[in-house]
Amino acid sequence: MAKGKVAKRPTRDEFVLEEIGNQLTEAYQEKSVVELTVWGVEEAVRGMIVKMDPRTGRVHVEREEETQKVPFMDIMAVNYPRD
């Protein structure tokens, strides 16, 4: 039985990664609600960033008492929802 090929995460240059890092830091400091476009996840991850863990490379996003840990390298875009 052959395993299906898993699509590889698109590579981004250091400038794009730095920009995403800056946006995450700003949203974290300002306690803003963000919508993260995450590679491999159909629905955007929405909530407030409560922790950025440099040890694990994960961004902790909290929404309604639930915390989702998103790997930084899987974050493709940071948006601010309008509502």
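The values are calculated or read from the model by the stated rules, or taken from the named source; none is laboratory data. Values in this document were obtained by computation on a predicted structure and should not be read as measured data. Here Cβ is always computed from backbone atoms with ideal geometry, including for glycine, and neighbour counts include all displayed protein chains. Side chains are part of the model used for accessible areas, which takes the heavy atoms of the whole protein and leaves out ligands, DNA and RNA. Shrake-Rupley method; radii C 1.70, N 1.55, O 1.52, S 1.80 Å.
Condition first: under 21 Å from residue 9 (Cβ atoms) and either of a type in the set (Gly, Ala, Ser) or in a strand (DSSP E or B) (or both). Now tell me which residues in the range 47-60 satisfy that.
Hits for the range 47-60 are 49, 52, 53, 57, 58, 59, 60.
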message = Give me the residue from the range 41-53 that is free of Cβ contacts under 8 Å to residues at least 24 places away in the same chain and under 11 Å from residue 67 (Cβ atoms) and, out of that set, least open to solvent (accessible area, probe 1.4 Å).
response = 47
task = Give the number of residues within the range 46-70 that are within 12 Å of residue 24 (Cβ to Cβ) and of a type in the set (D, E, K, R).
result = 3
ask   = Residues of the range 22-57 being within 11 Å of the chain's Cα centre (by Cα) and among the aromatic types (Phe, Trp, Tyr), which ones?
value = 39
message = So in the range 8-40, with the set limited to residues that are under 13 Å from residue 73 (Cα atoms) and in a loop (DSSP other than H, G, I, E, B), which one is most open to solvent (accessible area, probe 1.4 Å)?
response = 8
